[in-house]
Structure formats: structure tokens, C-alpha cells
Amino acid sequence: MDMHTVVVGTSGTTAEDVVAVARHGARVELSAAAVDALAASRLIVDALAAKPEPVYGVSTGFGALASRHISTELRAQLQRNIVRSHAAGMGPRVEREVVRALMFLRLKTVASGHTGVRPEVAQTMADVLNAGITPVVHEYGSLGCSGDLAPLSHCALTLMGEGDAEGPDGTVRPAGELLAAHGITPVELREKEGLALLNGTDGMLGMLVMALADLRNLYTSADITAALSLEALFGTDKVLAPELHAIRPHPGQGVSADNMLRVLAGSGLTGHHQDDAPRVQDAYSVRCAPQVNGAGRDTLDYAAVVAGRELASSVDNPVVLPDGRVESNGNFHGAPVAYVLDFLAIVAADLGSICERRTDRLLDKNRSHGLPPFLADDAGVDSGLMIAQYTQAALVSEMKRLAVPASADSIPSSAMQEDHVSMGWSAARKLRTAVDNLARIVAVELYAAARAVEIRAAEGLVPAPASQAAVAALRAAGAEGPGPDRFLAPDLAAADTFVREGRLVAAVEPVTGPLA
């Protein structure tokens with residue numbers, strides 16, 4: 001476990017801190033300013049709770065039941081009940097890193113001082129994270145409005161010592177037992193606190209932040225694999241010249257072209273021809289790689305802007321304002337996050353598609369400019385990478401289905417009180433699948449391009465130094481080189497891990513310098 005400590009203040013958090021807590025077990029600590037803000041906002045809620053006038057979330061029911069005024073003696077029960085009834089998720093368990101991101105981001109909002117939650121509740125949230133206790137959260141239950149209600153409710157249930165959770169050893173046990181084992185006292189919720197623990201976009205935001213981190217690596221990796229494919233196909237690197245991209249100044253396009261150009265520096269393959277019929281232009285999947293990869297990069301940048309705004313937000317309903325008012329609002333609606341989650345699924349699908357087209361070109365003897373059919377050792381006896389491309393094509397086909405937007409599919413709930421919802425959680429869940437698939441697709445292109453480059457090298461042509469470094473690192477990672485047919489799945493799995501863990505980028509950067 002990483003003993004790095006993330007301090008949660010009143011002004012939000014960073015993407016880096018989310019990843020540190022969610023994936024690397026960083027400890028969480030409340031700042032003194034956050035504790036003060038929590039205490040101050042709680043005084044406001046307590047004062048409102050003592051008044052006879054109904055205040056939503058403090059002394060009323062919830063959603064379509066908000067018209068009922070709740071008497072003082074029933075308010076603690078009201079807060080317990082909202083957590084219990086809303087913890088209605090179904091289906092497979094959600095990944096540990098997603099649940100940790102969910103809890104941490106809810107703590108971020110609570111610590112802002114706009115929710116009216118007591119400091120001791122916030123401290124318990126931090127204690128549960130630091131103990132490595134992970135509530136059992138299920139795949140289905142969130143409509144993305146009012147926030148991720150069911151997933152957050154399962155987390156709040158753990159704070160109350162109810163429901164099931166996973167301990168740091170990976171064993172699922174009753175949450176009360178886990179809290180007791182770590183010396184954590186279950187919380188007794190008071191006015192507004194149950195509602196404040198549930199009303200946020202934290203699940204979809206956490207998944208967005210982690211997807212962005214993964215996609216940054218995959219886009220750089222895809223620039224590298226595109227360069228290797230261009231090289232193996234005797235493509236020209238003239239299309240990567242900076243002056244060509246300067247006259248169409250999309251930032252991502254220029255970055256991808258520069259990455260590819262640096263990978264190809266010193267290549268003896270680019271622009272080479274195996275016959276006397278030089279090509280005037282390469283195919284789109286080769287020539288337009290910077291344009292496609294770059295447009296995806298620009299979409300990542302926009303999604304990161306949205307994520308940054310959301311990370312700086314305090315999402316709850318109602319909220320405690322600095323002047324002492326407690327006001328209802330619609331800030332819990334997940335539309336801003338849902339849209340970019342869907343945008344990212346679209347660009348991931350298109351990146352996967354262009355990777356697959358280059359792979360197919362490498363394997364087709366009619367279009368590969370002298371490479372053996374399917375990059376096989378003895379074509380006919382050997383099938384080479386024929387079915388690796390089938391697998392890649394199947395993944396691309398699924399990516400296209402995953403690109404269908406969830407955010408355009410609102411479905412009404414809560415007796416038509418919540419009559420337009422974001423479906424942001426669903427957008428995030430399918431994006432996670434898309435990111436996993438994209439890593440596999442890029443890995444197959446890498447595996448094919450590396451074999452093709454090695455075949456060219458065996459013919460006496462000298463690949464670029466960065467290409468040589470990439471191929472050598474891939475082979476050292478357990479993905480074997482050209483030869484007779486063998487059990488291929490382990491090689492593809494090794495290539496997948498190599499790409500997913502960022503080792504492809506790390507392998508070439510000592511030669512190219514840092515890639516963007």
C-alpha cells in the first residue's frame with residue numbers, strides 16, 4: 001500500500017489524488033480548514049432543524065415524498081431509512097478501485113462544508129478508506145440523477161455498520177465486523193446526513209478520471225504502434241512533417257504526428273519500395289493516423305476540463321451556502337459528466353477501428369508490400385496471425401456497440417419527480433469496457449507490427465532505433481517473435497499487459513525523449 005497521504009480540503013481535489021487513493025491505496029486526511037467548514041455548516045443545519053418550517057432533506061421526506069414534514073423524533077430514522085432503502089443495487093460487484101474513488105469523491109464534497117455533515121461523519125469516511133474497507137457496490141442501480149444514488153447508498157450503509165464490505169485481505173464480511181476489527185465506530189446519522197452521503201456524481205466522475213488516465217497511455221501507445229505499422233508497410237514519414245500539421249492546427253493532431261515522427265527517426269524502412277512502382281500516397285489508416293489519433297486526444301482534453309470542473313465542485317441537494325441559506329438545486333444532475341463519458345467511448349471505438357485496419361493491412365499479402373501472408377512462417381502450413389486479427393475485429397465490433405450513447409436514453413423515475421436523468425453511471429460502465437477492449441486492440445496491432453518489422457530486419461533493412469527498442473522490450477515481456485505457429489493467446493496476453501501498464505511508452509522514451 002502506498003503510504004502517500006492525500007489531504008482533503010474545502011476546495012475540491014485533483015485527478016492525480018483520485019487515482020492515488022483509488023488505485024494505489026493512498027491515505028486520506030482531512031485538513032483543519034475542512035474540519036472547521038464542516039462544523040460551521042453543521043451549526044446552520046442544526047439551527048434549521050430546530051425551526052418549525054419544513055426544510056428539504058432536513059425535516060422532510062425525499063424526492064416525490066418531499067411534501068411530508070418529519071417530526072423531530074423520526075428524523076434519525078428518516079436518515080437511516082433513506083440509506084437502507086436506496087441501497088438497492090443488483091448485479092455483479094463493482095471493481096474495488098471504482099468504489100474507493102466513489103467514497104473519496106463523496107468525502108471531497110462533504111469536506112467542502114456545503115453539505116451540513118458533521119466532522120465525525122467525514123472522519124469516519126476517511127477512516128474506512130484508510131482501513132482498506134471497500135463496501136460491496138453493485139453494477140445496476142444508478143440513473144445518474146440524483147447522482148449515483150444506489151452505489152453511494154451501499155457505501156453509506158457500510159459507514160452505519162450495515163451490509164457487506166470487503167476487507168483489506170479481499171474477504172467479504174459483514175460491514176459491522178470489519179469496522180469493529182479496525183476500531184471504527186459506526187455513525188449514527190442525523191438530520192440531512194443520510195441524504196448528503198447519497199447525492200452526487202462521484203461514481204461516474206471517478207470512472208471518468210481513471211478512464212482519462214488509461215486513455216492517455218493508450219493514445220500515446222497507439223501513436224507508437226501506428227508508427228511501427230507505417231514503417232513495416234514501407235510508408236512515408238513525409239506526411240508527419242510539422243509544417244503540414246501547422247496549417248490545420250488541431251493541437252492533438254500535431255502532438256500525434258510529432259510522436260510518430262520521433263519514433264520513426266533513423267528508420268531505414270520508411271519510403272522504401274520492394275519494386276519499381278512507388279506509391280504516391282499511403283492508405284488512410286496509415287496516412288491519417290495523426291488526424292484520427294489527434295482528434296481523440298483533443299476529446300480527451302475536453303473531457304479533462306469537464307472532470308476538473310467537477311473535481312472542484314460541491315455536489316449535493318440541498319446545499320449550505322456561505323450566507324447560511326440551505327437551498328435546493330439541480331447540481332447533482334450528471335449530464336456534463338455523462339456526455340463526455342459517451343464522447344470518450346466514441347473516440348475509443350474509432351481509435352480501435354483504425355488500429356485494426358492497419359493490422360489487417362499488415363496481414364494481407366496483396367496490400368502489405370512484400371510481407372508474407374498473415375505474417376506466417378510457412379503460409380499454408382502456418383496460419384500466422386490470421387485469428388489474432390479475428391479477435392481484434394471482434395473487439396472493434398463490440399467497441400462500436402459501446403459507442404452508442406447512454407446519455408441520450410433518459411428514463412423517468414420517482415413518480416415523475418425525477419423525469420429526466422443522465423444515465424452517466426451507465427455511460428461510465430460501458431466506457432470501462434471500451435478502455436479494456438482498446439488496450440487489447442492496440443496490443444494486437446503492436447504484436448503484428450513488431451513481427452512485421454522483425455521480418456523486414458531479417459531482410460537486411462534497419463528499423464528505427466525506437467522501433468528496435470519497442471520490439472526488444474515486447475519480446476522481453478514474454479511476447480515471442482516470428483516463427484512457426486504456436487499457442488498464441490499467451491503472447492497476446494503478454495502484449496496486452498505490456499501496453500496496459502505503460503511499458504510500451506516507457507520502452508521507446510529513452511530513445512525518443514518524453515512522448516506526449
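The values are calculated or read from the model by the stated rules, or taken from the named source; none is laboratory data. As the structure is a prediction and not an experimental result, all values here were calculated from the model. When we count neighbours, we look across all protein chains shown, and the Cβ atoms used for this are built from the backbone with ideal geometry, even at glycine. These area figures cover heavy atoms from the full protein model, side chains too; ligands, DNA and RNA do not enter into them. Shrake-Rupley method; radii C 1.70, N 1.55, O 1.52, S 1.80 Å.
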**Report entry** Positive-pole candidate from ALA180, ASN199, LEU212, dipole of region 163-228, charges at beta carbon
**Finding:** LEU212
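Placing +1 at every Lys and Arg Cβ and -1 at every Asp and Glu Cβ, with all other atoms neutral, what dipole size does region 295-400 have around its Cα centre, in debye to the nearest 20?
260 debye
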Query raised in the report: What size of dipole, in debye to the nearest 20, comes out for the chain about its Cα centre when the only charges are +1 on Lys and Arg C-beta atoms and -1 on Asp and Glu C-beta atoms?
Result: 460 debye
Report summary line: The aspartates and glutamates whose Cα lies under 12 Å from the Cα of LYS238, excluding any fewer than 8 residues away in the same chain, are ASP258, ASP282
Requested in this report: Express in whole angstrom the spacing between the alpha-carbon centres of region 30-75 and region 117-132.
Outcome: 20 Å
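Give the shape of region 1-152 as rounded, prolate or oblate, defined through the alpha-carbon gyration tensor: a ≥ b ≥ c are the square roots of its eigenvalues, a/c under 1.5 means rounded, and otherwise the shape is prolate if a/b is larger than b/c and oblate if not. Walk me through the numbers on the way to the answer.
Values: a/c = 2.47, a/b = 1.34, b/c = 1.85.
Oblate is the answer for region 1-152, as a/c is 1.5 or above yet b/c matches or exceeds a/b.
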Query raised in the report: What ranking, highest mean first, results for peptides 353-366, 78-91 when packing means the other Cβ atoms within 10 Å averaged over each residue?
Result: 353-366, 78-91
Query - Per residue accessible area of the chain, 1.4 Å probe, in Å² - result: 39 Å²
Report summary line: Low-density loop GluC sites (Glu not before Pro), region 133-236, at most 16 other Cβ within 10 Å, DSSP non-H/G/I/E/B, are GLU188
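Quick one: which of 487-497, 411-421, 34-44 comes out on top by average Cβ neighbours within 10 Å, and what's the full order, highest first?
On the way: 487-497: 16.4, 411-421: 14.2, 34-44: 19.2.
Descending mean neighbour count gives 34-44, 487-497, 411-421.
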Query raised in the report: With all protein chains present and a 1.4 Å probe, how do LYS430, LYS192 order by accessible area, largest first?
Result: LYS430, LYS192
Query raised in the report: How big is the gap, in Å, between the Cα center of region 433-511 and the Cα center of region 265-323?
Result: 21 Å
Query - For the chain, with +1 on Lys and Arg beta carbons and -1 on Asp and Glu, the positive-most of GLN123, VAL499, PHE487 along the dipole - result: GLN123
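What's the carbon and sulfur percent of the chain's accessible surface, probe 1.4 angstrom, rounded to a whole number? Walk me through the numbers on the way to the answer.
Values: 11330 of 20030 Å².
Here carbon and sulfur together make up 57 percent of the probe-accessible area.
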Report summary line: Descending accessible area (1.4 Å probe), largest on the left, turns THR158, THR433 into THR433, THR158
**Report entry** Sequence-distant lysines (8 or more away, or on other chains) whose Cα lies within less than 19 Å of LYS400
**Finding:** LYS430
Query raised in the report: So, with +1 on the Cβ of K and R and -1 on the Cβ of D and E, and no other charges, what is the size of the charge dipole of region 75-179 about its Cα centre, to the nearest 20 debye?
Result: 380 debye
Query raised in the report: Toward the positive end of the charge dipole of the chain, about the Cα centre and with charges on Cβ (Lys, Arg +1; Asp, Glu -1), which of SER397, VAL8, ALA335 goes farthest?
Result: ALA335
Requested in this report: Answer rounded, prolate or oblate for the chain, using the Cα gyration tensor with square roots of eigenvalues a ≥ b ≥ c: rounded when a/c is under 1.5, else prolate when a/b is larger than b/c, else oblate.
Outcome: prolate
Query raised in the report: Among all the lysines, which ones have a C-alpha under 22 Å from LYS192's C-alpha, if same-chain residues fewer than 8 places away are not counted?
Result: LYS51, LYS108
